[in-house]
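Read through the structure below, which is laid out as structure tokens, and then see the notes.
The values are calculated or read from the model by the stated rules, or taken from the named source; none is laboratory data. Note that this is a predicted model, so its numbers are computed, not measured. Don't worry about glycine lacking a Cβ; one is built from the backbone with ideal geometry, like all the others, and counts go over all protein chains shown.
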Amino acid sequence: MSMVRLIAALAILGCMSACGGDDVINQTCDEPRRYQSVVAGKRVEAPEGLDALNEFAEMPIPKAEGATVRPPGSRCIELPPSVGTSK
């Protein structure tokens, strides 16, 4: 029974120590991320004898327009900007 209590106590201490620490995470968004260097790939073409793909079934990714520029050294945003039309 004492071995079970010892294991339980060590598990609790391990979980509590994982949450500890007073260090501030210094994370800025100035460094480019992997997903920011992605380029559009080659379109899929149907082989001869098969129907062509429907161009209207694709989901186009819109370009960001009117986005505010972050000052250098600022922290990353916590939530993405709202999506919608503002007309």
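Values for this structure:
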quantity	calculated
Answer residue from the stretch 30-64, given it is among the β-branched types (V, I, T) and under 30 Å from R75 (Cα atoms) and is surrounded by the fewest Cβ atoms within 10 Å (Cβ to Cβ) among those	V39
Exclusive hit being at pLDDT below 75 and on the phi < 0 side of the Ramachandran plot, set R34, R70	R70
Residues located in the stretch 1-15, provided they are exposed (fewer than 10 other Cβ atoms within 10 Å of the Cβ) and at pLDDT 75 or above	S2, M3, V4, R5, G14, C15
Residue count, the stretch 35-52 (criterion: under 19 Å from K63 (Cα atoms) and either in contact with a Phe, Trp or Tyr (Cβ under 8 Å, 6 or more places away or on another chain) or not polar (S, T, N, Q) (or both))	7
